[in-house]
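Beneath this line is the structure, given in structure tokens, with notes to follow.
The values are calculated or read from the model by the stated rules, or taken from the named source; none is laboratory data. Model, not experiment: these values are computed from the prediction. Counting neighbours? That spans all protein chains shown, and the Cβs are built from the backbone with ideal geometry, glycine included. What goes into the accessible areas is simple: the full protein's heavy atoms, side chains included, and nothing from ligands, DNA or RNA. Shrake-Rupley method; radii C 1.70, N 1.55, O 1.52, S 1.80 Å.
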Amino acid sequence: MQNRFHDALTADNATLLLVDHQIGLFTGVRDITVGELTHNVTCLAKAATRLGLPIVVTTTAADSMWGPLIPQLRAVLPEGLQVIDRSTVNAWHDDRVRNAVEATGRGRILIAGVSLEVCAAFPAIAATAAGYTAYVAVDASGTFSATKRETGLLRLQQAGVIVSDYATLAVEMLADNAHPAAGDLYADLDMPFAALVGQLAAAYSR
């Protein structure tokens, strides 16, 4: 019997939605270090750009409560990309966000957000209900306590959202290490163990 897990996640069927990676919200993140979260979401955005994914970015109350995007993320987004600032708690309930995703014509959505249990989970659950296959990059998301992280992950799984990490989603879309972009993509991902792997490869090639 055919199901959504039989169809591979590819660079041709996915869209990236980044929700509320804002300076003010980052100050409250406690389940992951701010440095690691910044690294991971920035690398995810770079990899998505490398693979040609459409990217939709949204903030909430950027001019008042939560401030602008973190500058590291803003710096790696495609030039001219407009950030959608909204008031709705669930980004999917903003027509501009939902229409931007729908306009891509792609059925799979990679989502990361701060906070995990609201800004990432709510649109992921809503998109799933609307017939999309939604993935949440947990390590490119963050929240304000261990309890919020645990309950957020449980709710995502209960709703049928696929939980993963930023690098796994990217290499799944890459699919083949012989791809011409593979080397650059792995550089974009900047995985902590990659330097050691490179050193081992160099040692064996001597």
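Observations
- Against the test of being open to solvent by less than 40 Å² (accessible area, probe 1.4 Å), more than 15 Å from the chain's Cα centre (by Cα), modelled with pLDDT of 95 or more and of a type outside the set (Val, Ile, Thr), the options Gly113, Gly67 yield a single qualifying residue, Gly67.
- Count of residues meeting criterion [basic (Lys, Arg) and touching a helix residue (DSSP H, G or I) at 6+ places or on another chain (Cβ under 8 Å)] in the stretch 94-120: 1
- Selected residue (criterion: farthest from Arg86 (Cα to Cα)) from residues of the stretch 11-23 that are surrounded by 18 or more Cβ atoms within 10 Å (Cβ to Cβ) and out of contact with any helix residue (DSSP H, G or I) (no Cβ under 6 Å at 6 or more places or on another chain): Ala14
- Selection count, the stretch 116-148, where residues are of a type in the set (S, T, N, Q) and open to solvent by less than 10 Å² (accessible area, probe 1.4 Å): 2
- Helices (runs of 4 or more DSSP H) within the stretch 21-132 that include 3 or more residues over 24 Å from Thr147 (Cβ atoms): 34-51, 71-76, 95-103
- Flag not set for Gly107, criterion: within 14 Å of the chain's Cα centre (by Cα) and in contact (Cβ under 8 Å) with a residue 24 or more places away in the chain.
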